[in-house]
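Colleague: Structure in structure tokens, see below.
The values are calculated or read from the model by the stated rules, or taken from the named source; none is laboratory data. Remember, predicted model here, so these are calculated numbers, not experimental data. No Cβ is skipped: glycine too gets one built from the backbone with ideal geometry, and neighbour counts run over all protein chains shown. We work out accessible area using only protein heavy atoms, side chains counted, and drop any ligands, DNA or RNA first. Shrake-Rupley method; radii C 1.70, N 1.55, O 1.52, S 1.80 Å.
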Amino acid sequence: MPREITYREALREGLDEELARDENVVIIGEEVAEYNGAYKVTEGLWKKWGDKRIIDAPISEAGFIGIGIGASMLGVRPVMELMFYSFAYVAFDQMMNNAATCRYMSGGLINVPIVVRGPANGGTNVGATHSHTPENIFANMPGLKVVTPSDAHDAKGLIKSAIRDNDPVYFMESTVLYGLTGSVPSNDELEEGELIVPIGKAKVKREGADLTLIAHGRAVVTCLAAAETLADKHNIHAEVLDLRSIRPLDEEAIMASVRKTHRAICVEENKPFCGVGAQISSMIMEQAFDDLDAPVLRITSADAPAFYSPPIEKLQLPDPDEIVARALTIC
Amino acid sequence: MASKSVPQSLVPFADAPINQSLTAADKIDLLRQMVRIRRFEQVSLKHYHLGSIGGFLHLYIGQESVAVGSISLLGENDHIITAYRDHGHALSVGMNMNECMAELFGKATGCSKGKGGSMHYFAPDKNYWGGHGIVAGQTPLGAGLAFAIKYKGLKGCCLCYLGDGAVNQGAFHEALNLASLWSLPVVYIIENNGYSMGTSQARSSAFPKEGLAARAEGYNMDWDVIDGVSLYEIRAGVQKAVERAHEQCRPTLLEIDTYRHKGHSVADANAEKYRTKEEIQEYMNKHDPIEFWKSTLIDEGVLSEDDYKAIHKEAGAEADAAAEFAIKSPFPDESEIFDDVYWEVDNNTEAGRSGRHFFHG
């Protein structure tokens, strides 16, 4: 029986292992230490690693993210927690200008090995300010990497890769996924002795021949449910491709799947304008136009700020029914 | 102001131990460094007007004592970071005129291979971390460098320079709070030249009568105000802050009063509108740090007019040669565009080969 742990526990294991592996890894963020993490991702780490390695920051994102960037230039490996990725916007200059461009503007003399992680999702009735999904915004900036694990296995394997990466990695999680369990092998079950998932490699989460659902983060879970319905009720076999990272992007995996199924729908909880699906559908059109039997469709969150009222907000986000209905229009 | 008639003993701060330890050669070297910065910038200005240099050119002329005096105090575990008026700091840490001039010309031989320009000089091998274009954007980074020094258990500090126009940015206040809260060995140096671009200090900042640096009181941080015309005063004042960082791991906020002879940048068409010509002339004639140091050294008997002329001439020749070097250097190759974006790609690692990193075309 494979080991089942939550996405939250998987992240914590990954962080803990990296803290043990490299003494330069330090976790900084609001409530990460004594409070045990606003979402309990870092629970127990302060008790285990102490004040030097796990540091509570005041509510001062521009300040502490900037400190992380500066410290990383001198060899510290900071893992910064944003309580919500929505708060990245108050640290935007540090994250967009300083982290992303110092390497380029120094002609390659500097690198910024920082991880900024936290939940980037809507759907939890916290209103528009706390529901931003900025993966497309940060992926727009060359020099940055954007990683979006959708399950516990990848959460652990990708956070370890992110910490070891020598470029800035913006690691976007989901509060909705934190409590979901998934199969995560323990280290003694693995030949390599640890779980590493490389950044830049997508994963086929479900094989299918009729349609490709391309998604990242929580939308992968939504797509898997839709694929189940499509198979059971409509005899349509959808392949579900989990991008796992937005930048770098596994273009080969996308094209390989589309060439197999000849139909694609990009599904994301992001907003539509210049969303991740806009980039991908353009690439599919350019590179696999002759393989397509139908237009590439995009399913996103509604193009409005997040609605507070719980039953209405639910309608703003992609759900399996919507994916099934749209799939039936092209299959 | 000192004049030739002022005896050495009356020059303030000459008696500070850090200044007593200076040899005649050291003092002349400090003069040479300031003159080199000025001549470098005068030559760069000439080539800017000739159209060889693009974008902005923020000149440090009039402020040379600040970088030279403060950087002269630093050791191997001390680091510096500054804003966009960064040529003086670059030359002070030992970057050479060729690489600095070639960067202005956008040439492949520039310190940033032509990718950064005037505002973005870097030399991590000399503990110099830029050269940052966004006002106050570098102030959290300075605290971060200090964080790393402390984290690694080193006895060092970070000097983080900013202009008086940066003191109202939120990032700076966040950095001050964190520097004090986390007891980081950082020394913030406000180079107060009186103007945030075209807006005077009085029109941009609310501050106590003691000065901008007194805002540090609100962050439980030590502070001081220093007259930037005198290298002796700068060295004595900054040394106290460096010692505080080294010995107590505590930050300091310093304000060094100085003046830029030129506009905010060369593109500043109003440099003589928001300031009177008389004011500019007054500073050039009576508060010029190079003239002040020169007359101090002549009074002390360690420098002659002829020595000064030789230093001036030599620095001018060096700057002209740097311009020649820049002119003759090639522009970067187009293939350079996608280098230096990602470390992993540049180093052709497995991570750098996984997935598509660039999306043009």
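Colleague: Do any of B:Lys262/B:Lys313; A:Lys205/A:Lys271; A:Lys271/A:Lys314; B:Lys46/B:Lys107 go past 20 Å between their Cα atoms, and which?
Modeller: Details: B:Lys262/B:Lys313 22 Å; A:Lys205/A:Lys271 24 Å; A:Lys271/A:Lys314 15 Å; B:Lys46/B:Lys107 17 Å.
From the list (B:Lys262/B:Lys313; A:Lys205/A:Lys271; A:Lys271/A:Lys314; B:Lys46/B:Lys107), the Cα-Cα distance tops 20 Å for B:Lys262/B:Lys313; A:Lys205/A:Lys271.
Colleague: In Å² (nearest 100), what accessible area is buried between B and A, both sides summed, heavy protein atoms only, 1.4 Å probe?
Modeller: The contact between A and B buries close to 4300 Å².
Colleague: Next question, about the same structure. Need one word for the range B:8-327: rounded, prolate or oblate. Basis is the Cα gyration tensor (sqrt eigenvalues a ≥ b ≥ c); a/c below 1.5 gives rounded, then a/b vs b/c decides.
Modeller: rounded
Colleague: Give the shape of chain A as rounded, prolate or oblate, defined through the alpha-carbon gyration tensor: a ≥ b ≥ c are the square roots of its eigenvalues, a/c under 1.5 means rounded, and otherwise the shape is prolate if a/b is larger than b/c and oblate if not.
Modeller: Taking the square roots of the gyration eigenvalues as a ≥ b ≥ c, chain A is prolate.
Colleague: Rank B:Ala102, B:Ala171, B:Ala319 by mean-square fluctuation in a GNM of chain B with C-alpha springs under 10 angstrom and give only the top-ranked residue.
Modeller: Ranking B:Ala102, B:Ala171, B:Ala319 by mean-square fluctuation puts B:Ala171 first.
Colleague: Right, here's the next one. Take every residue in peptide B:177-185, count the Cβ atoms of other chains within 10 Å of its Cβ, and give the average of those counts.
Modeller: Numbers: counts 4, 7, 2, 0, 4, 6, 0, 2, 0.
For peptide B:177-185, the averaged partner shielding equals 3.
Colleague: Against the longest alpha carbon principal axis of chain A, how many degrees, from 0 to 90 and to the nearest 10, is the axis of helix A:218-234 turned?
Modeller: Helix A:218-234 and the main axis of chain A meet at about 20 degrees.
Colleague: Report, in debye and to the nearest 20, how large the dipole of the protein assembly as shown comes out about its Cα centre when Lys and Arg carry +1 and Asp and Glu carry -1 on their Cβ.
Modeller: 700
Colleague: Simple spin-label model, 7 Å along Cα-to-Cβ: A:Leu315 to B:Ala108 in nm?
Modeller: Each label point lies 7 Å from its Cα, and together they span 6.1 nm.
Colleague: List the relative contact order of chain B as a percent without decimals, with contacts defined as Cα pairs under 8 Å and 6+ residues apart.
Modeller: Values: 671 pairs, mean separation 84.5, N = 361.
Once normalised by length, the contact order is 23 percent.
Colleague: Can you give me the % of accessible surface on the range B:195-263 that is carbon or sulfur? Probe 1.4 Å, all protein chains present, nothing else counted. Kindly include the intermediate steps, with their values, before the conclusion.
Modeller: Details: 1290 of 2850 Å².
About 45 percent, which is the carbon plus sulfur part of the accessible surface.
Colleague: Further question on the same structure: For the range B:8-327, what is the accessible area per residue in Å² when the probe is 1.4 Å?
Modeller: Result: 36 Å² of accessible area for each residue.
Colleague: Give me the orientation-averaged projected area of the Cα convex hull of the range B:165-270, in nm², one decimal.
Modeller: 7.1
Colleague: What does the helix-only formula give at 222 nm for the protein assembly as shown: each DSSP H stretch with n ≥ 4 adding -39500 (n - 2.57), the total divided by the residues, and the result rounded to the nearest 500 deg cm²/dmol?
Modeller: Working: 25 runs with 266 residues, N = 692.
The helix contribution divided over the protein assembly as shown gives -11500 deg cm²/dmol.
Colleague: Over the alpha carbons of the range B:27-137, what is the largest minus smallest coordinate on each principal axis, giving the biggest first in Å?
Modeller: That gives 37, 27, 26 Å along the principal axes, largest extent first.
Colleague: I'd like the per residue volume of the convex hull spanned by the Cα atoms of the protein assembly as shown, given in cubic angstrom.
Modeller: Cα-based convex hull of the protein assembly as shown, divided per residue, equals 169 Å³.
Colleague: Continuing with this model, one more query. Can you tell me what percent of all Cα-Cα pairs in the range A:4-189 are more than 28 Å apart?
Modeller: 17
Colleague: Relative contact order (percent) for the range B:140-253, with alpha-carbon contacts under 8 angstrom and 6 or more residues of separation?
Modeller: 30
Colleague: Calculate the FRET efficiency for A:Val126 and B:Asp26 from the Cβ-Cβ distance with a Förster distance of 45 Å, rounded to the nearest 0.05.
Modeller: Rounded to the nearest 0.05, the efficiency is 0.15.
Colleague: Report the net charge of residues surrounding B:Leu184, where surrounding means a beta-carbon distance below 11 angstrom and charges are Lys +1, Arg +1, Asp -1, Glu -1.
Modeller: The answer is +2.
Colleague: Here's something else I'd like to know. Run the simple label-point estimate for B:Lys328 and A:Arg21 please: 7 Å along Cα→C-beta, distance reported in nm.
Modeller: Going from the B:Lys328 label point to the A:Arg21 one covers 5.0 nm.
Colleague: When the scattering of the range A:1-110 is computed by the Debye formula from its Cα atoms alone, each counted once and equally, what is log10 I(q)/I(0) at q = 0.17, 0.23, 0.24 Å⁻¹?
Modeller: Values, matching the q order: -0.84, -1.27, -1.33.
Colleague: Further question: Suppose a student asked you for the relative contact order of chain A, using Cα pairs under 8 Å spaced at least 6 residues apart; what percent would you report?
Modeller: Answer for chain A is 16 percent.
Colleague: Excluding A:Ile69 itself, calculate the net charge of residues whose Cβ lies under 14 Å from the Cβ of A:Ile69, where each Lys or Arg counts +1 and each Asp or Glu counts -1. Don't skip to the end; give the middle numbers.
Modeller: Details: positive: A:Arg77, A:Arg103; negative: A:Glu61, A:Asp93, A:Asp167, B:Glu174.
Surrounding charge for A:Ile69 is -2.
Colleague: If you take the beta carbon distance between A:Thr229 and B:Arg356 as r and set R0 to 35 Å, what does 1/(1 + (r/R0)^6) give as a FRET efficiency, to the nearest 0.05?
Modeller: 0.65
Colleague: If you take the beta carbon distance between B:Asp307 and B:Gln42 as r and set R0 to 22 Å, what does 1/(1 + (r/R0)^6) give as a FRET efficiency, to the nearest 0.05?
Modeller: 0.65
Colleague: Express the carbon and sulfur contribution to the solvent-accessible surface of chain A as a percent, rounded to the nearest whole number, probe 1.4 angstrom.
Modeller: On the way: 6460 of 12070 Å².
Looking at chain A in its full context, I get 53 percent from C and S.
Colleague: Comparing the chain by itself with all protein chains present, which residues of the range A:183-224 are at least 20 Å² less accessible (probe 1.4 Å)?
Modeller: By number: A:Ile199, A:Lys201.
Colleague: Where is the GNM fluctuation largest for chain B (alpha-carbon springs, 10 angstrom cutoff): B:Asp224, B:Asp288, B:Asp125?
Modeller: B:Asp125
Colleague: So, in nm, how far is label B:Asn77 from label A:Tyr308 when the simple model puts each one 7 Å beyond its Cα toward the Cβ?
Modeller: 5.2
Colleague: Name the most mobile residue of A:Lys145, A:Lys47, A:Lys314, meaning the one with the largest mean-square fluctuation, in a Gaussian network model of chain A with Cα contacts below 10 Å.
Modeller: A:Lys47
Colleague: Please give the helix A:320-330 orientation as an angle from the longest Cα principal axis of chain A, in degrees from 0 to 90, rounded to the nearest 10.
Modeller: Around 50 degrees separate the two axes.
Colleague: Take the alpha carbon atoms of the range B:226-282, find their center, do the same for the range A:108-138, and report the distance between the two centers in whole angstrom.
Modeller: 38
Colleague: Let me ask you something else. Under the classification rounded if a/c is under 1.5, otherwise prolate if a/b is larger than b/c and oblate if not, where does the range A:203-330 fall, given a ≥ b ≥ c as square roots of the Cα gyration tensor eigenvalues?
Modeller: Oblate, because a/c is 1.5 or more while a/b does not exceed b/c.
Colleague: Considering the options A:Tyr89, A:Thr175, A:Gly75, tell which one lies farthest towards the positive end of the dipole of the range A:4-189, charges being +1 on Lys and Arg and -1 on Asp and Glu at the Cβ, about the Cα centre.
Modeller: The one lying farthest along the dipole's positive direction is A:Gly75.
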